[in-house]
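See structure below.
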Amino acid sequence: MKAQAGDWLVVESLHVGEPRRIGLVTRVDHTDGSPPYWVRWTDDDHESLFFPGPEAHIEQLEALYPSARR
C-alpha cells in the first residue's frame, strides 16, 4: 500500500452491520509512501497513527466524492 498526504484511507468493517471508517491521510513519514500513516478520522475528527491491515485501502478524493476537487 502506498499513500500520500491528501489521500483517503478506507477501512472496511470486519463485522456485519458496522460501518466502514474513512480518514484523511494527513502525514506520511516514509518517502516511498509506505505505512504507517497519520490519519484524521471523519467519524470523530481525531488523528492517530495507523498501520493498515488487509481490510484497508487507499482512495483518491474523486473516487469517494465524485463532485469534489482537490
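The values are calculated or read from the model by the stated rules, or taken from the named source; none is laboratory data. Everything numeric in this text was worked out from a predicted model, so none of it was measured. Ideal geometry is used to build each Cβ from the backbone, glycine not excepted, and the neighbour counts take in all protein chains shown.
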(request) Check ALA68 against each of (1) touching an Asp or Glu at 6+ places or on another chain (Cβ under 9 Å); (2) modelled with pLDDT of 95 or more; (3) assigned to a loop (DSSP other than H, G, I, E, B) and name the one condition it does not meet. (result) (2)
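Within the range 14-52, how many residues turn out to be in contact (Cβ under 8 Å) with a residue 40 or more places away in the chain and surrounded by 11 or more Cβ atoms within 10 Å (Cβ to Cβ)?
Just the residues of the range 14-52 that are in contact (Cβ under 8 Å) with a residue 40 or more places away in the chain, to begin with: 14, 22, 50, 52.
When the remaining residues are screened for being surrounded by 11 or more Cβ atoms within 10 Å (Cβ to Cβ), the result is 22, 50, 52.
The total comes to 3.
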